[in-house]
Amino acid sequence: MEKFVIHTEVFAFDQPEELALTEQKLLEAATEAMRDAYAPYSRFKVGAAILLENGVVIKGNNQENAAYPSGLCAERVAIYACGANYPGIRIISIAITAGSLDFASDHPIAPCGACRQTMLEYELNQESPIAVIMRGRSGKIYRCEGIKQLLPIFFHEDGLKVR
Ligand code: THU
């Protein structure tokens with residue numbers, strides 16, 4: 001038997017002001033996006049904002065549907081919009097904020113597994129990390145250097161090929 005120990009890093013900040021200015025602004029853009037989320041069923045609004053290397057910010061938010069599984073998370077709405085509108089433009093970072101309409105959400109919200117897998121493929125393709133900044137409606141802010149920090153063991157396209 002062999003045991004692998006996986007090392008990952010998450011940095012926690014008390015205030016947005018501790019982040020670089022570009023990331024503070026990205027967090028604000030994610031908060032704006034969160035307000036416009038369409039989440040009448042879960043009443044849990046998520047906003048994402050992606051900074052591209054050309055300076056453009058792309059927003060996304062969760063979009064729900066009465067046929068529940070048809071909805072999509074904020075992170076994928078945002079990253080697919082990048083792929084659709086800015087193909088080949090490198091992604092620098094993504095900020096994610098979330099909160100319930102019914103109770104205080106004072107801790108960072110981490111992206112779901114499907115969103116991690118999706119974002120990781122963009123990171124692998126562009127061969128440079130996509131920083132992730134996460135926050136609830138208030139409280140601490142978490143920051144990871146890249147998507148791999150959130151998904152150290154992942155499904156790779158190599159798995160689809162004969163070796
Ligand atoms: N949601 C996101 O937008 N991102 C995540 O990473 C997790 C969950 C959304 C999906 C659904 O609209 C609501 O939050 C409750 O799960």
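So, with a 1.4 angstrom probe, what is the percent of accessible area on region 20-160 that is carbon and sulfur? Before the final figure, lay out the partial values.
Working: 3750 of 7000 Å².
Ligands and nucleic acids excluded, carbon and sulfur give 54 percent.
Compare the peptides 114-124, 11-21 by average per-residue count of other Cβ atoms within 10 angstrom and give them in order, highest first. Walk me through the numbers before you get to the answer.
Details: 114-124: 17.8, 11-21: 12.5.
Highest mean packing first, the order is 114-124, 11-21.
What size of dipole, in debye to the nearest 20, comes out for the chain about its Cα centre when the only charges are +1 on Lys and Arg C-beta atoms and -1 on Asp and Glu C-beta atoms? Show your work: numbers first, answer last.
Values: 16 positive and 20 negative charges, 66 e Å.
The dipole magnitude comes to about 320 debye.
Relative contact order for region 20-160 using alpha-carbon pairs under 8 Å, separation at least 6, rounded to a whole percent? List each step's numbers first, then the result.
Values: 290 pairs, mean separation 28.7, N = 141.
Dividing the mean separation by the residue count of region 20-160 yields 20 percent.
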Within 10 Å, count the other beta carbons around each residue, average over each peptide in 33-40, 74-81, and list them highest first. 74-81, 33-40
Looking only at region 20-160, where both bridge partners belong to it, what percent of the DSSP beta bridges are antiparallel (to the nearest 5)? 75
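What number do you get for the chain when its Cα radius of gyration is normalised by 2.2 N^0.38 Å, N = residues?
Numbers: Rg = 16.0 Å, N = 163, 2.2 N^0.38 = 15.2 Å.
Output field value: 1.05.
Sort 64-71, 147-154 by packing, meaning the average of other beta carbons within 10 Å per residue, with the highest value first. Write down the numbers at each step before the final one.
Values: 64-71: 10.8, 147-154: 16.6.
Taking the mean over residues of other Cβ atoms within 10 Å, the ranking is 147-154, 64-71.
The values are calculated or read from the model by the stated rules, or taken from the named source; none is laboratory data. None of the values given here were measured: they were computed from a predicted structure. Methodologically, a virtual Cβ is constructed for each residue, glycine included, from the backbone with ideal geometry; neighbour enumeration extends over all protein chains shown. Remember, those area values only see protein heavy atoms, side chains included, never the ligands or the DNA or RNA. Shrake-Rupley method; radii C 1.70, N 1.55, O 1.52, S 1.80 Å.
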